[in-house]
Structure formats: C-alpha cells, structure tokens
Amino acid sequence: MAVHEARLGIIGAGYVGLTTAAGLAALGHHVTCCDRDTDRIAAIRDGQLPIFEPGLQALVDRQMRAGRLAFTTDPGEAGSGQTVVFLAVGTPALPSGAPDLSALEAAVSEVAAHLDPGALVVIKSTVPVGTAARVTRILTARTPGGRPPRVVSNPEFLREGSAIHDFFTPDRIVIGARERAAGRQLRDLYESLAAPVLVTDWATAELIKYAANAFLAAKISLINELADLCAVLGIDVNEVGQGVGMDRRIGPGHLQAGIGYGGSCFPKDLAALQWMFREAGLPALLLPAVQQVNARRPQRMTDFLARRLGGLHQATLGVLGLSFKGNTDDLRASPSLAVVRRLAEAGARIQVYDPVARVQGETLARVTVCDNPYQACRDADALLVLADWEEFRTLDFARIKTLMRRPLVVDGRNFLDVWHLRGLGFEYQGMGRGDHQPPEVSS
Ligand code: NAD
Ligand code: UGA
C-alpha cells in the first residue's frame, strides 16, 4: 500500500498508459485511465486487452477487481478530482522527423477544463525539449485568472515485452520539474519503488529520454557493424559482444547483433533527436550513421539468402517472428516485416508464423500465415528466424529438418544454439557468427 495514496488520471491506454495505470494501481493508488478509442476501452472493460504484454492482462484484472483501476473514454472523468494526471499518448514522427504533438496537445486541451486547481500534469509521452513549457502555456491559457495546473516531465524507460518488470524495477526515475514541490509530489507517488530518482529541470528530463534511446540504438548499430567484420574474419560476434559487455563501463545490454532495431520508439526518437539538432543549428554526425547502419540490416540478410539459394524467385521460405522483437505483438517499424517484404518482392513464397503478432492477409503479398512453426517450415528452402521469441529456441529442430526441403537456418537474431543445429545436420547462418568449431570441452 502506498504511503501517499492518491487519485490519478492517465490519458492514453497504450503500452505505456496501460502499464502505468495498472502499475500505479498496484502501488495502492486509485487510477482512472482514459482513451479516446472507444473500441479499445470497451475491449479493456470486457477483459480483453487490445495489446499483448506479458502479465499485463492479469495485473489489470486484479486492479479492476480491487476497485483501484477504472477505464473511460471521458477526459472529464480522468481529469476531475485527480491530484495527478499523466499524459501517455503517442508522439509519432512527422515526415520532417519532428514528433507529432497533436495527440498530446489534444489530450491537454480535452482534460484542461476538468482539472482541479493545483493538479499536477505529468508528461510521460516522449516529447522534445520545450514541450513541458508548451503544455504549461496551453494550460495557463485555459485557466484564465485561475491557478494553472503544474507540469512535470517524467519520461518513461520501459521496454515492450518486459513492461511490468520495468515499471516495478526501473533503473531510475527521472523527474523534470520547475518547482521543487511538484517534483516531490511525483516522487512520493513512486516512493514504494526502490529506484534512484534524478530530479532535473524540464528540458534536461526531456533530453535524457532521447539521449538514452540514442545510446542504446548506437550500441546496436556498432555491434551490427562489427558483425559484418566478424562475418569476413570468421569470428562469432556474440562472443565479441559478451567480452565487450563484461566491461562495466559498456554493460552487457543491447549488444545483440542481427537484423537491426525497430519498434515504435528507436527509429522515431532518433529522427526526433536529429530534428532537434537541426533546429539548434548543429550538425549531428553520429546519429545519421547509427540509422544508416540499421537501415542496411534487412538487406544484409536478404542478399545473403539470394546468394546462398542462387536467387529468391520461386524459393519457399519459412519465417518465424514478425514483431519488432520477441515477446510483443507490436509490428511498428518491425525489421522482420522489412525482411519479409524484400523477400516477397524478390519473388519468394513465404510461410510465416508469429506467436502473437497478426498481419492481415492482404497486407503482405505472397505471404501465407501459418498456425504453428512447423507448418511454416514445410517444404521450405530455408528457415528464417526474425524475432527472438524464447519458444523458437526450443523447437523440435529434428522434426523441422524432416519437414524442410533444404536444411538451412538463417538466424536474424543470433540467438539460436548454433552447435545444436549444426549437430542435427543443419547449415546454420547467423549474422556474423563465424563458422569456427565448438570450443573443446576439457574433461
Ligand atoms: P500507443 O500508440 O500504444 O498508445 C497511445 C494511446 O493514446 C492510443 O491508445 C490512443 O488512442 C491514445 N490517445 C491518443 N490521443 C488521445 C487523446 N487525446 N485522448 C485519449 N487518448 C488518446 O503508444 P505507446 O507505445 O504507449 O507510447 C506512448 C508514448 O510513450 C509515446 O510518446 C512513446 O514514445 C512513449 N514511450 C513508449 C514506450 C513503449 O515501449 N511503447 C516506452 C517509453 C516511452
Ligand atoms: C526501447 C528502450 O529499450 C526502452 O528503454 C524505451 O523506453 C523504449 O524503447 C521507448 O522509448 O519506447 P523497446 O523499443 O520496447 O524499448 O525495445 P528494445 O528491447 O530496446 O528493442 C528495440 C529494438 O532493438 C528491437 O527491434 C530489438 O530487437 C532490437 N535490439 C535490441 C537489437 O537488435 N539488439 C539488442 O541487443 C537489443
């Protein structure tokens, strides 16, 4: 039970809004979560979360049953009577790279009239430097003569697929505030989470969010560039990543080479950061390179396959994993989809299986969606593993070998057991995993 039990509103019931709503309710607060998407709210109320996030359905159910979590489409309900209102709506990229703040501004305008005097408005969405100031101006204009709500920046660092774990055990909580009291009020909400808290001003908190994603994306692009060198030199990039990551200054995370990063955040946040550099009149040299390395990853895989199979026209390919990584249904900017589209354009027939992500038949030409991984492997000239779902590691590969026309496995995430597969007689191709023999085991 939270020591400072509060009444909270959350605008936006997506990956961040839902996780934050259920998490804060579990900390003992009373939460009303609002989304303008009526189907989404109806589904949630019916016990059917519109997104797949491990453990989230059970957490939402528990908090709803406990009477601490409610859902609405009415911004008035999420705004009035709440001490704190969180904004967790999407901020996708505009063609210029700038984040589209229209949903955020709409949410602020819709909720403004209902806010209690002195309420705290917390920006959880990822927003460019200057947004907290902008939201304050909107709120002030809508509270003529009154006391405008105070605004706090509180960027979110959770990952899809482990959102609940990340909510309850964050590496840090960043709070950007103009007044100490506002920062303290937000800090109190999270007090039962044993996480370090960094309090900064608005702009710093806003930039920390983009800087963190840029660092993570840069690590991935660097290991991916090294993977190409490893491929030529016959070295396993996984071992290089392991050795590098043991240096505590570098750390082991985000050093997995493969078909590159995707998702709803890294691509758009890197674009937004470069836009901020342009707006500041500064050149950004490293960030475009990070993106360029990443953009070439799907092609690295399709080029290899075309060479190995002597062309892709009429090849039958089994594909496992469509989402932008394992453990999520999110297809936004998925590199797996980029690979599949390239292969289909080159004339391959594709049989795809994903544990949860669903594509409409007409979305992808020449693609058959399969009910299970074994169906996807039938008569295939190669099996491509494109998302790191844990269950793909433990498939019955002996059975898969009997189903395929040709025993070729291409591991786009470098996460399968190469020695096991080679032991079964597969030709295994990772992305920079070399071809050296298993290390001798001393007796
Ligand atoms: P999402 O697309 O899953 O959900 C956003 C929700 O907001 C949608 O359901 C939409 O209907 C709703 N919405 C939009 N305008 C609204 C309005 N005016 N009133 C009520 N509801 C409204 O988005 P997400 O993935 O949860 O991301 C939200 C924000 O958090 C983004 O800025 C993103 O960059 C950031 N973020 C996302 C993650 C992540 O892992 N997805 C992690 C950290 C930060
Ligand atoms: C990422 C960050 O990790 C979160 O801290 C941040 O809050 C979030 O973006 C956001 O701002 O939305 P997420 O996109 O959910 O979270 O997923 P990650 O696990 O970071 O993976 C992103 C992409 O990089 C995926 O396509 C993944 O397959 C790829 N990746 C990740 C690699 O290619 N190699 C790695 O070592 C790690």
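We did not get these values from a lab; they are worked out from the coordinates using the rules stated. Everything numeric here is computed off the predicted structure, so don't read it as measured data. Note that we place each Cβ from the backbone using ideal geometry, even for glycine, and neighbour counts take in every protein chain shown.
Ratio of Rg to Rh for segment 276-413, alpha carbon only, Kirkwood?
Details: Rg = 16.5 Å, Rh = 15.7 Å.
Radius of gyration relative to Kirkwood radius: 1.05.
Between the alpha-carbon centers of segment 205-240 and segment 65-111, tell me the distance in whole angstrom.
Between the Cα centres of segment 205-240 and segment 65-111 lies a distance of 34 Å.
For segment 291-375, what is the charge dipole size about the Cα centre, in debye to the nearest 20, if Lys and Arg each add +1 at the Cβ and Asp and Glu each add -1 at the Cβ?
Working: 12 positive and 7 negative charges, 83 e Å.
The calculated dipole for segment 291-375 is roughly 400 debye.
Got the relative contact order for the chain handy, in percent, Cα pairs under 8 Å and 6 or more residues apart? Mind dumping the intermediate values first?
Values: 901 pairs, mean separation 53.4, N = 443.
About 12 percent, as a whole number.
Which of these, PRO170, PRO252, PRO128, has the largest mean-square fluctuation under a Gaussian network model of the chain (Cα springs below 10 Å)?
Top of the fluctuation ranking is PRO252.
Taking only the Cα atoms of segment 341-400, how large is their convex hull per residue, in Å³?
Working: hull volume 5.2 nm³, N = 60.
In segment 341-400, the Cα hull volume divided by residue count equals 87 Å³.
Compute the distance from the alpha-carbon center of segment 125-149 to that of segment 369-399, in whole Å.
Cα centres, segment 125-149 to segment 369-399: 50 Å.
Quick one: if you take sqrt(5λ) for each eigenvalue of the C-alpha gyration tensor of segment 1-121, what semi-axes come out, biggest first, whole angstrom?
Values: eigenvalues 99, 70, 32 Å².
In descending order, the three semi-axes are 22, 19, 13 Å.
Of GLN299, VAL84, TYR15, which is farthest towards the positive pole of the chain's charge dipole, taken about the Cα centre with +1 and -1 on the beta-carbons of Lys, Arg and Asp, Glu respectively?
Sorting the options by dipole projection puts first GLN299.
Taking the Cα centre of segment 40-111 as origin, work out the dipole magnitude from +1 charges on Lys and Arg Cβ and -1 charges on Asp and Glu Cβ, in debye rounded to 20. Walk me through the numbers before you get to the answer.
On the way: 5 positive and 8 negative charges, 67 e Å.
Around 320 debye, computed over segment 40-111.
Given C-alpha coordinates of segment 141-203, what is the ratio Rg to Rh with the Kirkwood estimate of Rh? Walk me through the numbers before you get to the answer.
Details: Rg = 14.0 Å, Rh = 13.1 Å.
Expressed as Rg/Rh, it is 1.07.
Can you list, bin by bin at 10 Å, the percent of alpha carbon pairs in segment 361-430, starting at 0?
Percent of pairs per bin, in order: 20, 56, 21, 3.
Mind sorting TRP275, TRP202 by how few other Cβ atoms lie within 10 Å of their own Cβ, fewest first?
On the way: TRP275 18, TRP202 22.
Least to most surrounded, the residues fall as TRP275, TRP202.
Would you mind working out the magnitude of the charge dipole of the chain relative to its Cα centre, with +1 at each Lys and Arg C-beta and -1 at each Asp and Glu C-beta, to the nearest 20 Debye? Please report the intermediate quantities before stating the final value.
Values: 46 positive and 47 negative charges, 102 e Å.
Dipole magnitude for the chain comes out near 480 debye.
With a 10 Å Cβ neighbour count serving as the proxy for reagent exposure, in which order, fewest first, do GLU53, GLU5 appear? Numbers along the way, then the final one.
Working: GLU53 24, GLU5 13.
Lowest count first: GLU5, GLU53.
Just to check, using Stokes-Einstein with a Kirkwood Rh over alpha carbon pairs, what's the diffusion coefficient of segment 282-355 at 4 °C and 1.567 mPa s in µm²/s?
Values: Rh = 13.6 Å.
After rounding, the answer is 95 µm²/s.
Looking only at the chain, where both bridge partners belong to it, what percent of the DSSP beta bridges are antiparallel (to the nearest 5)? Intermediate values should be presented prior to the final figure.
Details: 3 of 46 bridges.
Antiparallel: roughly 5 percent of the beta bridges in the chain.
Could you list SER264, SER336 in order of exposure, starting from the residue whose Cβ has the fewest other Cβ atoms within 10 Å? Intermediate results must be reported in sequence, preceding the final value.
On the way: SER264 22, SER336 27.
Neighbour counts put them in this order, fewest first: SER264, SER336.
For LYS219, go through the lysines and keep the ones whose alpha-carbon is under 19 Å away, minus same-chain ones fewer than eight residues off.
Candidates past the 8-residue exclusion: LYS209, LYS268, LYS325.
Among GLN256, ALA113, LEU286, which residue has its Cα furthest toward the positive end of the charge dipole of the chain, with +1 on Lys/Arg Cβ and -1 on Asp/Glu Cβ?
LEU286
Where does the chain land at 222 nm, in deg cm²/dmol rounded to the nearest 500, when only DSSP H runs of n ≥ 4 count, each adding -39500 (n - 2.57), divided by all residues?
-12500 deg cm²/dmol
When the chain is treated as a GNM, springs tying every alpha-carbon pair under 10 Å, which of THR126, THR83, THR19 comes out with the largest mean-square fluctuation?
Greatest mean-square fluctuation among the candidates belongs to THR83.
Report, largest value first, the span of the C-alpha coordinates of the chain along each principal axis, in whole Å.
Largest first, the chain extends 74, 50, 48 Å along its Cα principal axes.
Determine one quarter of the surface area of the Cα convex hull of segment 96-141, which equals its mean projected area, and express it in nm² to one decimal. It would help to have the intermediate numbers written out before the result.
On the way: hull surface 13.9 nm².
Its average projected convex-hull area is 3.5 nm².
Specify the residue with the greatest mean-square fluctuation among ALA93, ALA163, ALA141, computed from a Gaussian network of the chain linking alpha-carbon atoms under 10 Å apart.
ALA141
Taking +1 at the Cβ of each Lys and Arg and -1 at the Cβ of each Asp and Glu, which of THR394, LEU193, MET276 sits farthest along the dipole of the chain towards its positive end, judged by Cα position relative to the Cα centre?
Among THR394, LEU193, MET276, the one farthest towards the positive end of the dipole of the chain is MET276.
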